[in-house]
Amino acid sequence: MSDILIENSEGVTTITLNRLARKNAITASMYADLAQAVTAAGADTACRVLLFQGHETIFSAGNDIEDFLNNPPATEEASVFAFLRAISTCEKPVMAAVCGPAVGIGATLLLHCDLVYAGDNAAFSMPFVNLGLVPEAASSLLVPQLMGYHRAAEVLLMGEPFMAEAALEVGFVNRVVAPTETNAYARTQALKLAKKPLTSLIATKRLLKAPTQAQVQQVMVAESKLFGPMLQGPAAREAFGAFVEKRRPDFSNL
Ligand code: COA
């Protein structure tokens, strides 16, 4: 079965991360499929709303670490950045249902969703520093904008996870429900949105995004210029090597 499932019905395109054996970690080829799915849904007249979801136990462990080592995103044309451009510029409403861990891009992609519903087991983390990297997906701009500088520093410098209730408090998610109900609840909300006039949804989303859109794109480019080279750097090599070897990283000389 495919690692990404795409289903269109009743105006809702549902994109399901479906790689449970690897905790829905995302590879370069999955990013390419995701970018293609978002672009196609944007152009498909049968799609009015996009909905991302995972499993009730896991949303995504973020970048697939082994794949990242083997296929590092060397340029801005890399599929991960193509996906981020696609989701951050999608004109139609984008929603997400998130349960369990949402790590790295599994959390930052939510900054580009308009409505996010979380299971009460959701745990969000952006541990880029712990991996010898820098934030991506314009999270270095959007996280402090959303939750204020000091909370953003806890999330982005300390790499500390935050749970569903804290995410609700800072406005990172819209509502917290039981994990067994999250995907169904998000679909119900998506169906409500799909019945509204699409021209008005698109125009409203454009207005909501207008003040930040250009800056978001600029910051994503600036982040990607650091992210690619740092992925080849000694701190990331140590962090990823430690993950693969199931040991603690040693950054004492880095
Ligand atoms: N890339 C590649 N493989 C991953 C992965 C990732 N990001 N996350 C998990 N996996 C693999 C594990 O290596 C493990 O493989 P194994 O069964 O061959 O040992 C399997 O998925 C299950 O993961 P495990 O860690 O045992 O699951 P868990 O439920 O205890 O923890 C997470 C889930 C998501 C909290 C934990 O896997 C994790 O922290 N993963 C790394 C997240 C990360 O740093 N991502 C990069 C962000 S840029």
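Values in this text are rule-based calculations from the coordinates and carry no lab data. Treat the numbers as computed from the prediction; the structure is a model and nothing was measured. Don't worry about glycine lacking a Cβ; one is built from the backbone with ideal geometry, like all the others, and counts go over all protein chains shown.
Across the range 52-62, what is the total count of residues that are more than 12 Å from the chain's Cα centre (by Cα) and either more than 30 Å from residue 244 (Cα to Cα) or assigned to a loop (DSSP other than H, G, I, E, B) (or both)? Residues flagged as more than 12 Å from the chain's Cα centre (by Cα) and either more than 30 Å from residue 244 (Cα to Cα) or assigned to a loop (DSSP other than H, G, I, E, B) (or both) within the range 52-62 amount to 2. When we screen 68, 52 for residues that are within 16 Å of the ligand (Cβ to nearest atom) and either surrounded by fewer than 23 Cβ atoms within 10 Å (Cβ to Cβ) or not basic (Lys, Arg) (or both), the only hit is 68. For the range 238-254, the set of residues classified as over 14 Å from residue 128 (Cα atoms), within 13 Å of the ligand (Cβ to nearest atom) and either among the aliphatic types (A, V, I, L, M) or touching a residue at least 12 places away in the same chain (Cβ under 8 Å) (or both) consists of 242, 244, listed by residue number. When the range 205-232 is filtered for residues that are within 16 Å of the ligand (Cβ to nearest atom) and either surrounded by 13 or more Cβ atoms within 10 Å (Cβ to Cβ) or free of Cβ contacts under 8 Å to residues at least 60 places away in the same chain (or both), the ones remaining, listed by number, are 220, 223, 224, 226, 227, 228, 229, 230, 231. Of all residues in the range 137-148, those being crowded, with 24+ Cβ neighbours inside 10 Å and either in contact with a Ser or Thr (Cβ under 6 Å, 6 or more places away or on another chain) or farther than 23 Å from residue 65 by Cβ (or both) number 2. Comparison of 161, 179 shows that the only residue that is within 16 Å of the ligand (Cβ to nearest atom), over 30 Å from residue 203 (Cα atoms) and in contact with a Gly (Cβ under 9 Å, 6 or more places away or on another chain) is 179. Among the conditions (1) among the β-branched types (Val, Ile, Thr); (2) closer than 26 Å to residue 91 by Cβ; (3) assigned to a helix (DSSP H, G or I), the only one that residue 173 does not satisfy is (3). In the range 32-49, the qualifying residues are those that are out of contact with any strand residue (DSSP E or B) (no Cβ under 9 Å at 6 or more places or on another chain) and part of a helix (DSSP H, G or I), and the one that is surrounded by the most Cβ atoms within 10 Å (Cβ to Cβ) is 35.
Taking first residues from the range 29-44 that are closer than 13 Å to residue 12 by Cα and partners that are in a helix (DSSP H, G or I) and hydrophobic (A, V, I, L, M, F, W, C), the Cβ contacts under 6 Å between residues at least 6 apart in sequence or on separate chains come to 38/86; 38/87. Does any residue of the range 121-133 turn out to be within 12 Å of the ligand (Cβ to nearest atom), in contact (Cβ under 8 Å) with a residue 12 or more places away in the chain, under 20 Å from residue 212 (Cα atoms) and within 16 Å of the chain's Cα centre (by Cα)? Checking the range 121-133: not a single residue is within 12 Å of the ligand (Cβ to nearest atom), in contact (Cβ under 8 Å) with a residue 12 or more places away in the chain, under 20 Å from residue 212 (Cα atoms) and within 16 Å of the chain's Cα centre (by Cα).
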